[in-house]
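The values are calculated or read from the model by the stated rules, or taken from the named source; none is laboratory data. Everything numeric in this text was worked out from a predicted model, so none of it was measured. Cβ placement follows ideal geometry from the backbone for every residue including glycine, while neighbour counts extend to all protein chains displayed.
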Amino acid sequence: MRSKEIVFESSQGPRRAVLDRPGAVEAAASVLMVHCLEEDAAARFAAGLVEVGYAVVRFDAGSIPDRDPGLAVADVTAAYHAAAAARVPPPGLLVGHSVGGTAALLAAEQLPAVQAVAALAPMTGPAALARLQAGDEGGGTASGPAGGRWVRVQSSLLEAASGGGMVDAVEWLGAPLLVLYHPDSADADGTDVERIQEATRHVISTVTIPGGGHRLEGEGDAEWVAALVGQWARRWIGGRPAAAESVGPVEAWTGADYRTEIVAAGRRMMADEPLDAAGHGAGPAPYEWLAAGLAACTGITLRMYAERKGLELEGIGVTVTHSRREEAGGEGSTLCFRRDIAVEGEIDDKTRARMVEIAKRCPVHRTLTRGAEIETHGREPLDGGHEGAGPDA
């Protein structure tokens, strides 16, 4: 295993992390680890992940010096970008421990390459968060025990995690989640496992840790947990399971003009270009279909959120328009979407504003902002031509 220190810039100031990687081969994938472990336990845990082929960037949230602003969600996103720039694959697995797990869960949706999250005794329980908040130092920081160490954090992180913040972060995580905890440890109330299980909308696995608890102080604890996390992550890093993808193909047939028949979910629809673009106006143009997908996904996502929160809504109206913005210097253009959301129902302004934020977590929004890979293959024409070929068939 090769190890080196890396320094990266966060909005909170310079931060230090350690990059561990396989010695003789290229890493199959990489891991970002935000933790409050003692150095020996963290190094042994990372070595266990390196042993199964991963590179690990580990950021010690407990090593932030005095008079520093303290741990913030921005530190996690900055560490992620530092890992992506360290000549290893962008982190596909995010590992968080104690209050580092809290920050990791809050930051996960901002990290486009992350496909799985493992949380080792994340501080999600209201009592544990309240204890840290009680250590308010003034000036926007708080400090207290976390994961067996004394940690300084930004008050804004605790505020984001309190109330329904952690529930929302887990509910809209968008990735499989593994939660590891020790029910008999002194810090057991820090991880509200039932609350996490109720909130998640994705694959979740929970494991109780034997031995020295989540601090990984016992002999073999760090190695055992690393092997477990590494094997669990193999299923997710490099691609989502088939169940998370579309349930069936979308087929399109374009005949002698621009009119295009689309078959999706057993239903036939039509796409076309408008009259002023040499089309017949027989259906929405392709970018209008794209905007329709964003609008529909937004409405469905907000309805799901309202049902989970017990909000009585009469309806949700979504209007999406799109345009192109020319880049400076005439170097290309960027497709821009504008989305206006009207929520009809008896809700207060705070809830209404929260729903606008939730809209940014709909799967189509994430795909458009994060990008997607498209594989294109040629194929032979179907025997007998297209069934119901074209709009005039």
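Yes/no per residue for (1) under 23 Å from Ile64 (Cα atoms); (2) modelled with pLDDT of 90 or more:
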site: Arg15; (1), (2): yes, no
site: Gly23; (1), (2): no, no
site: Ala27; (1), (2): no, no
site: Leu32; (1), (2): yes, yes
site: Cys36; (1), (2): yes, no
site: Asp40; (1), (2): yes, yes
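Could you tell me which of the residues Ala86, Ala127 is surrounded by fewer than 22 Cβ atoms within 10 Å (Cβ to Cβ), out of contact with any helix residue (DSSP H, G or I) (no Cβ under 9 Å at 6 or more places or on another chain), more than 19 Å from Thr200 (Cβ to Cβ) and not charged (D, E, K, R)?
The unique qualifying residue is Ala86.
Would you mind finding the one in Leu216, Leu228 that is at pLDDT 70 or above and over 25 Å from the mean Cα position of the chain (by Cα)?
Leu216
Anything in region 253-269 that is farther than 21 Å from Arg379 by Cβ and crowded, with 18+ Cβ neighbours inside 10 Å? List them, or say none.
Passing the criteria: Tyr258, Arg259.
Please identify the pairs in which a residue from region 347-365 that is in the same structural domain as Leu173 (by TED's automatic domain parsing) has its Cβ atom under 8 Å from the Cβ atom of a residue that is of a type outside the set (Gly, Ala, Ser) and surrounded by 13 or more Cβ atoms within 10 Å (Cβ to Cβ), counting only partners at least 6 apart or on another chain.
Close Cβ pairs (under 8 Å, with a partner that is of a type outside the set (Gly, Ala, Ser) and surrounded by 13 or more Cβ atoms within 10 Å (Cβ to Cβ)) do not exist here.
Of all residues in region 99-109, count the ones that are touching a Phe, Trp or Tyr at 6+ places or on another chain (Cβ under 8 Å) and not small (Gly, Ala, Ser).
Summing the residues that are touching a Phe, Trp or Tyr at 6+ places or on another chain (Cβ under 8 Å) and not small (Gly, Ala, Ser) in region 99-109 gives 1.
Suppose the filter is in the same structural domain as Cys362 (by TED's automatic domain parsing), under 26 Å from the mean Cα position of the chain (by Cα), part of a loop (DSSP other than H, G, I, E, B) and over 23 Å from Ile374 (Cβ atoms); does Leu311 pass it?
yes
Read through the list (1) outside any helix (DSSP H, G or I); (2) surrounded by fewer than 22 Cβ atoms within 10 Å (Cβ to Cβ); (3) touching a helix residue (DSSP H, G or I) at 6+ places or on another chain (Cβ under 8 Å), then give the number of the only condition that Glu137 fails.
Exception for Glu137: condition (3).
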